[in-house]
Every structure is written in structure tokens, then in C-alpha cells.
Amino acid sequence: MVRGLNVAVLGATGLVGETILRILEERQTPVETLLPLATEGKDRQVQFRGKSIPVAGVKTAPWEDIDVAFFAASNAASQRYAPEAASHGVTVIDKSSYFRMDPDVPLIVPEVNLETAGDARIIASPNCSTIQLVVALNPLLRRFGLERAIVSTYQAVSGTGKEAVETLAEESRTWLQGGQVQASTYPLPIAFNVLPYCDRFMENDYTGEEWKLTRETAKIFGQDIALSATAVRVPVYVGHSESVYVETRSDFSLEEVRALLAKAPGVKLWDSPARGEVPTPFDVAGQDLVWVGRVRQDLFHPRGLHLFVVADNLRKGAATNAVQILEGLSQRWG
């Protein structure tokens, strides 16, 4: 039995931070004391196990009293405070992108590569769209190998944060009332629209979100994967969807693929189109599994396979994955 832990959550009032608190409650994680933190010491409180707890400023955090710290804030906050916390013996589980591609920092999805965490004090949790992708592809990679992958994402606005959720609601009201919608959070309106990019454009006109999928997937799997992505923002509140095409190294049958996915850790196979069983964001909201459906062989490539992969981006794509990392490292505090 793990002893009661002293846990800090930086970014406790954000969407991911709030979800971490909820999941710690739901999973009955042995939290002895909770320290909610913010980069700015405003007069705020969070609810945890029926109590109101004031939010403290991270600048004066007593790291020497903390066992585990979840970082769910900005890259700048992780850069500044994660090494400081780790130097005091804190295990930092970081949801920002700052450390993800650092070769000295493990990038962890517990169902896939928990063993690579070792004794690291700073552990990175991947991008939300990467997490659900590698959970779905891991059993196929291990059994058949992967030559290449093409991924198109359909990402909910909650991946951007609270402001984007409010923007979608406000733009939708304006549009339905016949008003003129003005873009705010995104460069273009998101209500009743689809934006064929997420994040900033980078090398070769791929966006940051697309490069995250390519680079993070290779690091997690420990091998180069020829993966190209198109990341799309859609007017959905919660739940990222992905249309995934892979070409395997060895032959497969659909029966083998479905059997692998049905027993894969963290996966729910939901694949009976004739009965209306196809994964959607409505299905996964509030769930911690990665739902996979639309499993079918490509019409023109004998080792081509199509999947549709959906997960709650705030839970498995962020908060749940972080809490599962803590659970996987429980021997540290046994």
C-alpha cells in the first residue's frame, strides 16, 4: 500500500488541472495533502474531496514538503519551476511540451513504455493526440511492425483551454441568433467551421501539432516511424478523433487485428458499423479508454489498415495519463 502522498498541482484552476483533481478523487489516489498552485497568486480556491483549498503562488512553493507535482501550466512555468522542484526530490509529471523531446527526460504513456521512466525526477506526458494514437497503435506495432502511418486529427477546442471552450459557445450563440461572428481565440471562427490546422506553421508548412505527433510517437516507441499528420480543429467541446492509416511490415488479418485491439491495455474496441457501434466524441466524454473502430483493410494495399481512434483529450489525453504515471511509479513511495 502506498503511503499518503503530498501532491502539488500547478495550474490547478485550468481545464487539465481541474481534471487532475477530479481523477485523483475518482481513483482514490492516496493523497495526504494537496497543494494547488498557480503562476500568479490570485485569490482563488479549488474543491477537493469536499473541501475548499486556497491556491498558492508557485514562487513560494515548499518543494521540500512535496512528493509529486503535476505541472499543467505553460512551457515557461515548466522551464522555470520543474528543475527547482526536482532538485528537492519531487517527482514532476509535466503536461507541458517543454521537456517532451529532451533526450534526458522520459516521455511516458503507461500502457506503452512505463519502464523507460527509470528513476527520472522529471517525467513528460505527451500531447493529447499522441497519447491516444500510441495506445491504439502499440499492439499493432509489436505484432506486425509499422512501415508508415498517415494521421488526420479532428481536435476539440478544449485542447486549447477554457477560453476556447467559451469562444465556441459564444460564437455558436451569435451565429444561431443571426449575428456576425468575429474570430477571437483562433484566427478564424470555429463555430460551425473546421480549421485545417492546429498550432503555428513550422517546417515544410506542417504545424507544431503535426510535428508533435511525428516526433513524440517515434520517441515513445523507441524507433523511427514514417508518420505524417494533418491536425484539424473542429467545433467539438471534448474528444479528439483521429483517422489513422497504417502500413504494416508483415501481413495481418482483420481477425488478428481486432483480437489484438480487444485485449490491448487502455483500448475499447467499438467496431460494429451495422449496429451503429462506431466511436465518437460523445461516446468518450468522461471516459478513460481509447476507443477504436472503423477497422478495415485498405482497398489497394495488402498491408494497409484503417482505424478511427477517439479519446477524451482532457482525461486520457492529459489528466488521466498523468495520474496513471504516478500510479505506475507507486513503488517510489511504498
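The values are calculated or read from the model by the stated rules, or taken from the named source; none is laboratory data. Here the structure is a predicted model, which is why all the values come from computation and not from measurement. Don't worry about glycine lacking a Cβ; one is built from the backbone with ideal geometry, like all the others, and counts go over all protein chains shown. These accessible areas exclude ligands, DNA and RNA; they are computed on the full protein's heavy atoms, side chains included. Shrake-Rupley method; radii C 1.70, N 1.55, O 1.52, S 1.80 Å.
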Sort out which residues of region 107-153 are outside any helix (DSSP H, G or I) and among the hydrophobic types (A, V, I, L, M, F, W, C), and write them in order of number.
-> LEU107, ILE108, VAL109, ALA120, ILE122, ILE123, ALA124, LEU146, ALA149, ILE150, VAL151
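Let's see how each residue does on (1) touching a Pro at 6+ places or on another chain (Cβ under 6 Å); (2) open to solvent by less than 10 Å² (accessible area, probe 1.4 Å); (3) among the aromatic types (Phe, Trp, Tyr):
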{"site": "ASP94", "(1), (2), (3)": "no, yes, no"}
{"site": "SER97", "(1), (2), (3)": "no, no, no"}
{"site": "MET101", "(1), (2), (3)": "no, no, no"}
{"site": "ASP104", "(1), (2), (3)": "no, no, no"}
{"site": "LEU107", "(1), (2), (3)": "yes, yes, no"}
{"site": "PRO110", "(1), (2), (3)": "no, no, no"}
{"site": "GLY145", "(1), (2), (3)": "no, no, no"}
{"site": "ILE150", "(1), (2), (3)": "no, no, no"}
The lone condition HIS88 fails out of (1) more than 30 Å from PRO139 (Cβ to Cβ); (2) touching a strand residue (DSSP E or B) at 6+ places or on another chain (Cβ under 7 Å) is (2)
Could you count how many residues in region 271-304 are open to solvent by less than 70 Å² (accessible area, probe 1.4 Å) and not aliphatic (A, V, I, L, M)?
-> 16
Do you know which residues across region 192-249 are open to solvent by 60 Å² or more (accessible area, probe 1.4 Å), among the charged types (D, E, K, R) and closer than 26 Å to SER172 by Cα?
-> ASP199, ARG200
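Quick grid of which residues meet (1) farther than 27 Å from PRO103 by Cα; (2) under 19 Å from the mean Cα position of the chain (by Cα):
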{"residue": "ASP205", "(1), (2)": "no, no"}
{"residue": "LEU213", "(1), (2)": "no, yes"}
{"residue": "GLN223", "(1), (2)": "no, no"}
{"residue": "THR230", "(1), (2)": "no, yes"}
{"residue": "VAL234", "(1), (2)": "yes, yes"}
{"residue": "SER243", "(1), (2)": "yes, yes"}
{"residue": "THR248", "(1), (2)": "yes, no"}
